[in-house]
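S.K.: First, the structure itself, so that you have it in front of you.
No value in this document is a laboratory result; all are computed from the given coordinates. Keep in mind it's a predicted model, so treat the numbers as computed, not measured. As a convention, Cβ positions derive from the backbone with ideal geometry for all residues, glycine included, and neighbour counts pool all protein chains shown.
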Amino acid sequence: MKLCAVYFMTNRHHTVLYTGVTSDLKRRMEQHAAGIHPSSFTKRYNIDRLVYIELTNDIRIAIAREKQIKRWSRAKKVALIDRFNPTWQDLARS
């Protein structure tokens, strides 16, 4: 069974948040790091730190959760990150 992830990434100063969903988190982080899409949002804003992950085994649940989170205010997203990763440690490098 494959795990799917809803995730938040940010830049060095935590000024920009990116919400994504994937069925292969490791591969997706490698794609973000390599900057394979030079005009992408994450590349344009130097978003390179994974700070939050939610896992599920159903991609439909992950997509629905991503859509729900994208409607939230920044403050609500920050509160979620703070609750699970208060130091905003880069989870891709830990």
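S.K.: Grab the other residues whose beta carbon is less than 14 angstrom from that of residue 15, score K and R as +1, D and E as -1, and report the net. Each step should come with its number before you reach the end.
M.R.: On the way: positive: 12, 44, 49, 74, 77; negative: 48.
My count for the surroundings of residue 15 gives +4.
S.K.: With point charges of +1 on the Cβ of Lys and Arg and -1 on the Cβ of Asp and Glu, referenced to the Cα centre of the chain, which listed residue (75, 20, 85) lies farthest in the positive direction of the dipole?
M.R.: The Cα lying farthest towards the positive end belongs to 75.
S.K.: Using 7 Å Cα-to-Cβ label points, what is the residue 70/residue 15 separation (nm, one decimal)?
M.R.: 2.4 nm
S.K.: Treating only the Cβ of Lys, Arg, Asp and Glu as charged (+1, +1, -1, -1), what charge dipole size does the range 4-93 show about its Cα centre? Round to the nearest 20 debye.
M.R.: Here the size comes out at about 280 debye.
S.K.: Another one. Over the Cα atoms, compute the radius of gyration (one decimal) and Dmax (the largest Cα-Cα distance, rounded to a whole number) for the range 4-93, in Å.
M.R.: 12.3, 33
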